[in-house]
Protein chains: 2
Amino acid sequence: MVSFDFSNDRPVIEDKVPRVNLVIDGGTIITMVDDEPVISQGRIEVSGGLITKIGKSGEHNFRSKDDVEIIDARNAIVMPGLVNCHTHAAMSLFRGLADDLPLKTWLFEKIFPAEAALLDPKSVHLASLLACVEMIASGTTCFMDGYFFEEATFDAAKKAGLRAILAQGVIDMPAPGVPDQNENLNVARNFVERRQTDSNIIKPAIFCHSPVTCYAKTLQKASEICKELKVPFFIHLSETKWEVEQLRNKTGEKPVIYLDSLGILDENLIAVHGVYLDNEEINLIAEKGAKIVHVPESNMKLASGIAPLTGMILAGIRPGLGTDGCASNNNLDMFSEMDMAAKTAKIATSDPTAFNAMSAAKMATSWGSAVAGLDKHIGTLQEGKCADIVIIDTFQPHLRPCYDPLSNLVYSANGSDVRDVIVEGKVLLRERRFTHLDPLDIMKEIKTLAAKVEKHLPHVRIAGN
Amino acid sequence: MVSFDFSNDRPVIEDKVPRVNLVIDGGTIITMVDDEPVISQGRIEVSGGLITKIGKSGEHNFRSKDDVEIIDARNAIVMPGLVNCHTHAAMSLFRGLADDLPLKTWLFEKIFPAEAALLDPKSVHLASLLACVEMIASGTTCFMDGYFFEEATFDAAKKAGLRAILAQGVIDMPAPGVPDQNENLNVARNFVERRQTDSNIIKPAIFCHSPVTCYAKTLQKASEICKELKVPFFIHLSETKWEVEQLRNKTGEKPVIYLDSLGILDENLIAVHGVYLDNEEINLIAEKGAKIVHVPESNMKLASGIAPLTGMILAGIRPGLGTDGCASNNNLDMFSEMDMAAKTAKIATSDPTAFNAMSAAKMATSWGSAVAGLDKHIGTLQEGKCADIVIIDTFQPHLRPCYDPLSNLVYSANGSDVRDVIVEGKVLLRERRFTHLDPLDIMKEIKTLAAKVEKHLPHVRIAGN
């Protein structure tokens, strides 16, 4: 991409023309802005990583098409990049390793041992890179992650060019990279301090595993550190009946009431799952301004339940949407997640009008960006916002006809329909080819690493290529 | 594809070598045969539309590789073509036309009026062709359809090269192509008689819309005609609470008991949905040998409910899997349908072990082929069976690593991962390109037709490309 020449021999009027380096022209733009959600035959101009102009095709204010990269978006939908509000990126290493098991067996007999045996900065970096290429290839431009060795995930996201909020995991037991559990908060604090100014588009954070696996004082200190360092605080909350019962036995309280009694239920808290929230808890979350992330597919696959999405929305909560890690989903496709958010809400309420395509798309874009605290910068396509943009090829049999592009996106599309992906004005995927990553190399290295997983867990059926 | 030369100057021993015209080599073969479900680095030979040999790569018995088309399946999964046991193919014309509405509003205020205004043999043919290219592109090789103007769908399937059982719709009210409802059974009978010997791989059938929308005598006569002409009899059954209540008010019976009282609950009956079946009904279906088709995504999207899949299986029923039409799903992707069959079974029972990836894959292949009455010919990859084969490209980020190919197929893949599709030995899709259909032409024609739909239903939001 060549920048404009602003030398003095140009007429004065042209000096006022903004520097444009990317134009997306001719598509159906889904802005996700309430006043004008859809612009047919639209045009977006991008300069310096920002959207500088958005409108109808034909209206442009750059000087010469030779100076800019032009993406032809005719027969395509242009939408804000998707925000995946909950992942454990490196768990892509364990995709399909252990399915169709009870959650406790899955976690304690399969995933935890595999993590203990295999995780180190190198494996987390590689598996996070695999997750990043999967996310880019399916239209995610920003992800919120919580795991161990999170510095390795930070480096992977940086290499991939993705926007992210990456949280170091804290659990009150020996964990990968944190053999002494008494050091867990120090490790997390150090991570945040080291990485706080490392990237313009990636921010560090802290992720406490759950109120059951972290002591009260750990939760409180973690929350304090997050507020002191001005980073978000993630937690798994009310994922399973078992966990809720455990906590009630231990504390006598329902999960949200418990968090509130610790003084940590506030605007800085991002709670994930929320399957067993009752109305009292939902209203308290809304009142305190805490954030919720909805993870429908993982909650289905582990048979945890269907979170009360419509109740949350009625209370004024605007949840983000997340895929969870690949060990419990088993992909990072936000399109199928949108579809499932809508369909599970319908089935849980026996009401097909309970949740519609537009709301599902908002969860994955504008609402998600607000959960991330990034709604001033991303989540809608508007002038002045960051150019985090996804382009979907709609000239495909399963996306035809197109009466309502939002319907087709949520109910008919899948991640593989994503053609181009742009983050902060940088094109990461173009015509489904990566511009600077080599997914083949990453997949080859993953194959070698997966062979080690199989060696450590010999009960795994070996039948893959 | 060049046939072998069996001229006399070849040694005698070579004359015994079978004529092979297609070889699929090097893939992970998911046979769906219970004894040996997976063959790593396998090889399949195809001759005259049949699988003539299946085994490990390197074991072959054809004479010269120059004489055959060889498909390199390294880094790919090879599996039986998927059997979509319930569609209304031509309803692809109404994809995304009316979402997020109550079933009755959706059906009576949107879909029925659109059908009345737009359907004719030409539009049904074109929309069925669109469905066929979508099905081929997502790995379906056989589909079971019920709709109006079914002859047009028959011609479309024939042109597309798909295997199918296609049923003319019968309803006791004026319907597209059947303005006089008293003629509905004659139209259906004529269709079956005309098309019974028209194709080796497509069979006609009759589809009664439901026990609520067809009179008892219509159901009985339709069942008789089907048995006389030796074709299957389809029916929607127990899809919604409303429908079950209507029938109980009318007949005093639960749907299955009612069908049995009419004498039509037998091995020739293929009942679709079954959301509100109780144990008495499930056991009666099992006892009588009637077939069930599970349609989880459509049942979710219309908020009808989750069918008691695990109860059916416990009773010995082996349901097929279907997508339903594109107006209520909104795609024909059997991969997401497998995923949802497993996940909804888990969530409905609060048990993640309730239904596994293998069972989901069986529904879409071997069980589905038995529902279609075609299990001697398709549904598993075995010597002597028809070469209906799908090849999935697994060297993609969201399908890596691969500890268990069945898990990756059901929980991670989507229809767009299908690379090659073969029906009766004929390659319909190769490296995601259609060998003899032109999907662009079909999509362009659909655009014109969709504009007419919008004109007839001006409340439709017009925002597509």
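Observations, loosely collected:
- Only one of A:GLY373, A:GLY384, A:GLY379, A:GLY368 that is away from chain B (no Cβ under 11 Å) and at negative phi: A:GLY368
- Of all residues in segment B:110-122, those being farther than 16 Å from B:ASN329 by Cβ and either away from chain A (no Cβ under 12 Å) or of a type in the set (Val, Ile, Thr) (or both) number 9.
- Yes/no for A:GLU115 being of a type in the set (Asp, Glu) and either open to solvent by less than 10 Å² (accessible area, probe 1.4 Å) or under 30 Å from A:SER304 (Cα atoms) (or both): yes
- Residue within segment B:192-215 that is part of a helix (DSSP H, G or I) and polar (S, T, N, Q) present: no
- Residues (more than 8 Å from chain B (Cβ to nearest Cβ), open to solvent by 10 Å² or more (accessible area, probe 1.4 Å) and among the aliphatic types (A, V, I, L, M)) located in segment A:351-361: A:MET358
- Filter result for B:LEU107 (within 14 Å of another protein chain (Cβ to nearest Cβ) and either touching a residue at least 24 places away in the same chain (Cβ under 8 Å) or not in a helix (DSSP H, G or I) (or both)): no
- Of the residues making up segment B:304-323, those that are surrounded by fewer than 24 Cβ atoms within 10 Å (Cβ to Cβ) and either within 12 Å of chain A (Cβ to nearest Cβ) or outside any loop (DSSP other than H, G, I, E, B) (or both) are B:GLY305, B:ILE306, B:THR310, B:GLY311, B:MET312, B:ILE313, B:LEU314.
- Count - residues of segment A:29-56 that are open to solvent by 50 Å² or more (accessible area, probe 1.4 Å) and within 14 Å of another protein chain (Cβ to nearest Cβ): 3
- Which numbered condition B:THR394 misses (of (1) touching a Pro at 6+ places or on another chain (Cβ under 9 Å); (2) modelled with pLDDT of 95 or more): (2)
- Selection from segment A:367-401 of residues that are under 21 Å from B:GLY96 (Cβ atoms) and either within 12 Å of the chain's Cα centre (by Cα) or aromatic (Phe, Trp, Tyr) (or both): A:PHE395
- Criterion (surrounded by 24 or more Cβ atoms within 10 Å (Cβ to Cβ) and farther than 30 Å from A:GLU424 by Cα) met by exactly one of A:PRO211, A:PRO204: A:PRO211
- Residues that are closer than 26 Å to B:THR240 by Cβ and open to solvent by less than 10 Å² (accessible area, probe 1.4 Å) are absent from segment B:103-110 altogether.
- Here B:GLY373 qualifies as surrounded by fewer than 21 Cβ atoms within 10 Å (Cβ to Cβ), part of a loop (DSSP other than H, G, I, E, B) and in contact (Cβ under 8 Å) with a residue 12 or more places away in the chain.
- So A:THR87, is it free of Cβ contacts under 8 Å to residues at least 24 places away in the same chain and among the β-branched types (Val, Ile, Thr): no
- On inspection, B:SER366 fails the criterion of being in contact with a strand residue (DSSP E or B) (Cβ under 9 Å, 6 or more places away or on another chain), of a type in the set (S, T, N, Q) and open to solvent by less than 10 Å² (accessible area, probe 1.4 Å).
- Failed criterion for A:THR394 (all others in (1) open to solvent by 10 Å² or more (accessible area, probe 1.4 Å); (2) facing chain B (nearest Cβ under 8 Å) hold): (1)
- In segment A:324-350, the residues that are away from chain B (no Cβ under 11 Å) and either open to solvent by 10 Å² or more (accessible area, probe 1.4 Å) or part of a loop (DSSP other than H, G, I, E, B) (or both): A:ASP324, A:GLY325
- Helices (runs of 4 or more DSSP H) (entirely within segment B:221-302) containing at least 3 residues that are buried (at least 24 other Cβ atoms within 10 Å of the Cβ): B:255-261, B:296-301
- Residue satisfying all of: in segment A:71-97; open to solvent by less than 10 Å² (accessible area, probe 1.4 Å) and part of a loop (DSSP other than H, G, I, E, B); nearest to the other protein chains (Cβ to nearest Cβ) among these: A:GLY96
- Residue list for segment A:405-433, filter: within 10 Å of chain B (Cβ to nearest Cβ) and surrounded by fewer than 23 Cβ atoms within 10 Å (Cβ to Cβ): A:SER416
The values are calculated or read from the model by the stated rules, or taken from the named source; none is laboratory data. Quantities reported herein were computed from a predicted structural model and do not represent experimental measurements. Backbone-built Cβ (ideal geometry, glycine too); neighbour counts: all protein chains shown. The area values use the complete protein model at the heavy-atom level, side chains included, leaving out ligands, DNA and RNA. Shrake-Rupley method; radii C 1.70, N 1.55, O 1.52, S 1.80 Å.
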